[in-house]
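Single-structure report; data block below.
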Amino acid sequence: MRVTTERRFNILVVDDTPENVELLDEILRGNYRVRAALNGPRALELARGEDRPDLILLDVMMPGMDGLEVCRQLKADHRTRTIPVIFVTARSEVEDEKIGFKLGAVDYITKPISPPIVEARVQSHITLAHSKRMLERMVAVRTRELAGANKQLEQEMRSRAQAMSRAEFVSQHDALTGLPNRRSLLESIRPALTRAKEQGHALALLHMNLDRLQSVNNSLGTSVGDELLVRTARRLLKDTQTNDLVARDGGDNFVVVFDRGWQSASDAQEAADAASLDILDKLAAPHAMEDRTVRLGASAGLTIFPRDGDEGADLLTRAQIATSVAKKLGGDRLETYSPKMGTGSKARYSMEAHLRDALDTKQLDIHFQPQCELATRRIVGAEALVRWPDGSGGFISNASFIPLAEEAGLILTLDHYVLRMLCQYILDWEDRLPRDFRFAFNFSPLCFQDANSIQRALDLVAEMGVDPTRLELEVTEYAVIADVSTAVEKLRQVREFGIRVALDDFGTGYSSLAYLKTLPLDKLKIDGAFVQDVENDNRSASIARTIIVLANTLRLDVVAEGIENQAQLEFVRKCGCRHGQGFDLHGPLAATDLLKLLP
């Protein structure tokens, strides 16, 4: 795909042989503005001028100042260091290429010049440089917006926390919104409860969970989600009274403690209902975000002191239970806690016990989501997905037990359980598998970030005698950006062992783009949210197209997830995506069903 803009890109050709300049001009002038320099000093003069080139084709061997020296001076000058340089040379020695790349060149073209190669290389590097500049501008704009929002919120919070030292503030407040965190909330509520007990007053605690923040993060990016969290905090501060406590309870959860001197639980119930519904209405008001309007809304649970508990932790826990009920009833609503709601907690603990037993007794199985070559629909690999039979022919929802495994500290055991089972399938099927067929397995962010988990996985593969080239590790960008330097070392260790590495759910946040060239990767998987919207949303289509071009330019394989119809398949295929997965190709299959489809 060729990058198109209102202007034509400017190419500077540097060569002491006029015939070579004329040939390159003839090849490129149909699509680009071409200027020429017959020596190094003239090249530097043009490169530093007002009309700077977007790319330089630089002859290595020139009399006087050779191409290497020209490149060295270009990269040392802040005005020209970002201009891509492609060396053009009659020499093809590996050491010469190493020197050039070390100086900052992005590519080599050898003489005699091949027009198709010149066109392809120039187009690829122009596309990459243009995409990089666009992404850097987007990041810079979003960073400035978030910094401005945080500055305003910090000013509002300063009036409420003038007596606190900075160290205490940081330890007891949420870094993003500046609101008190859970620890600070529970400490602050104690004196309020003590006063209420002494005076015979009632309090109310409102717990809220934003309903649509995750879909915003998936479609618009976490930076937009972060800004919405800041705006939510600002609205809560504006719409509560001085004696009320406002806090962020992690993630997309917020808490308000109403301390308004109510004389009885019934008075508190009536007044807190009205105040809570008013807050929910304010949170549901639209947010103007650049070229679109975003609405969130919230599910909320309410508890009353002393009717629903004597301690802050009890009131908060029971308010969270009521919030879960509101969420299950469709969200955007308020529920008041009642004792019968507590039965859900018992169910959670029961499921946790059954999950531990299922892991111990090996009741869990895996299904396989085929990955296909889009041009032929031929299955070339498969992603392993854990399944928990419910005993009646169906399966317990992954959305129910995987978050539970994370909360209960079982996710590392679960991830390695799946890997061991996958390795056994590979050993059993080795004679049936096509050449280069790979199986992908997922590591959760918690598992990937564990200090010993990667080494344990590699030891497991070696112990079972599985060919590592049959395996592909999938990690999300959220797992790697938490500690990029450590992630790079872990992924390099995985690749050196022979296992390929794929970055899953790519596109759900911008942070990974800055590190993309640093991470040792083999594959990008485009998040299905973008693929499923390509027919109706131009932004999603543009993002998917850009990711495909970027991956191809970086020589990474790219897989489109969530392909649900032929139109989506054709879109990503025409953009240059070779592989995909989704229900239009194949849904998740049992092991025996997958085996039947293999050639």
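The values are calculated or read from the model by the stated rules, or taken from the named source; none is laboratory data. Bear in mind the structure is a predicted one, so any value in this text is a computation, not a measurement. Virtual Cβ from ideal backbone geometry, glycine too; neighbours counted across all protein chains shown. SASA here: full protein model, heavy atoms, side chains in, ligands and nucleic acids out. Shrake-Rupley method; radii C 1.70, N 1.55, O 1.52, S 1.80 Å.
Numerical summary
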{"quantity": "Listed peptides 311-317, 382-388 by packing density, highest first (mean Cβ within 10 Å)", "calculated": "382-388, 311-317"}
{"quantity": "Integer Hz, Karplus 6.51/-1.76/1.60 couplings in order for segment 172-185, x for Gly and Pro", "calculated": "10, 10, 5, 5, 7, 8, x, 6, x, 8, 4, 4, 5, 4"}
{"quantity": "Dipole magnitude of segment 464-582, debye to nearest 20 (Cβ charges: Lys/Arg +1, Asp/Glu -1, about Cα centre)", "calculated": "480 debye"}
{"quantity": "Largest-first principal axis extents of the Cα set of segment 7-155 (Å)", "calculated": "64, 30, 30"}
{"quantity": "Cβ-defined net charge surrounding Leu385, 12 Å radius [Lys, Arg +1; Asp, Glu -1]", "calculated": "-2"}
{"quantity": "The chain: equivalent-ellipsoid semi-axes (sqrt of 5 x gyration tensor eigenvalues, Cα, Å)", "calculated": "52, 34, 21"}
{"quantity": "Segment 260-329, dipole about Cα centre (Lys/Arg Cβ +1, Asp/Glu Cβ -1), debye to the nearest 20", "calculated": "280 debye"}
{"quantity": "Asp390 - accessible surface, heavy atoms, 1.4 Å probe, Å² rounded to 10", "calculated": "70 Å²"}
{"quantity": "The chain, helix-only ellipticity at 222 nm - DSSP H runs n ≥ 4, -39,500 (n - 2.57), divided by all residues, nearest 500", "calculated": "-15500 deg cm²/dmol"}
{"quantity": "Antiparallel bridge percentage (DSSP; both residues within the chain; nearest 5)", "calculated": "50 percent"}
{"quantity": "Accessible area expressed per residue, the chain, with surrounding protein chains retained (probe 1.4 Å, Å²)", "calculated": "47 Å²"}
{"quantity": "Segment 410-452: Cα Rg divided by the 2.2 N^0.38 Å rule of thumb", "calculated": "1.38"}
{"quantity": "Ratio of Rg to Rh over segment 432-483 (Cα coordinates, Kirkwood Rh, two decimals)", "calculated": "1.03"}
{"quantity": "With Cα atoms, 0 to 90° folded angle of helix 484-497 axis to the chain main axis", "calculated": "60 degrees"}
{"quantity": "Ratio Rg/Rh [Cα only; Rh per Kirkwood] for segment 245-330", "calculated": "1.01"}
{"quantity": "Centre separation in Å (Cα based) which lies between segment 396-446 and segment 205-249", "calculated": "35 Å"}
{"quantity": "Of His287, Gly250, Gly309, farthest towards positive along the dipole that unit charges on Lys, Arg, Asp, Glu beta carbons give segment 188-327", "calculated": "His287"}
{"quantity": "Cα-based helix-to-principal-axis angle, 222-238 vs the chain, degrees rounded to 10", "calculated": "30 degrees"}
{"quantity": "Charge dipole magnitude, Cβ of K and R +1, D and E -1 - the chain, Cα centre, debye nearest 20", "calculated": "840 debye"}
{"quantity": "Value of relative contact order over segment 1-143, rounded to a whole percent, pairs C-alpha under 8 Å and six or more apart", "calculated": "21 percent"}
{"quantity": "Order by protection proxy (mean Cβ within 10 Å, highest first), peptides 284-291, 121-128, 399-406", "calculated": "121-128, 399-406, 284-291"}
{"quantity": "Accessible surface of segment 378-445, 1.4 Å probe, proportion on carbon and sulfur as whole %", "calculated": "49 percent"}
{"quantity": "Mean projected area in nm² (Cα convex hull; one quarter of hull surface) for segment 346-456", "calculated": "8.8 nm²"}
{"quantity": "Listed residues Leu589, Leu179 arranged by accessible area, highest first, probe 1.4 Å", "calculated": "Leu589, Leu179"}
{"quantity": "Area accessible to solvent at Ser397, 1.4 Å probe radius, in Å²", "calculated": "60 Å²"}
{"quantity": "Within-11-Å neighbourhood charge of His416 [Cβ basis; K, R +1; D, E -1]", "calculated": "-1"}
{"quantity": "Highest to lowest packing among 83-89, 430-436, 38-44, 264-270, scored as the average C-beta count within 10 Å", "calculated": "83-89, 38-44, 264-270, 430-436"}
{"quantity": "In degrees, nearest ten, helix 18-28 long axis to first principal axis of the chain (Cα)", "calculated": "40 degrees"}
{"quantity": "Amide H contacts of Val34 (H built 1.01 Å from N, under 5 Å, at least 5 apart or other chain)", "calculated": "Ile11"}
{"quantity": "Per-selection Kirkwood Rh - segment 185-229 (Cα, Å, 1 d.p.)", "calculated": "13.4 Å"}
{"quantity": "Segment 272-421 - Kirkwood radius from inverse mean 1/r over Cα pairs (Å)", "calculated": "19.1 Å"}
{"quantity": "Kirkwood hydrodynamic radius (C-alpha pairs) into Stokes-Einstein, segment 286-373, 37 °C and 0.692 mPa s, D in µm²/s", "calculated": "198 µm²/s"}
{"quantity": "Convex hull per residue volume in Å³, alpha carbons only, for segment 439-541", "calculated": "98 Å³"}
{"quantity": "DSSP-defined beta bridges in segment 263-389 - what % are antiparallel, rounded to 5", "calculated": "80 percent"}
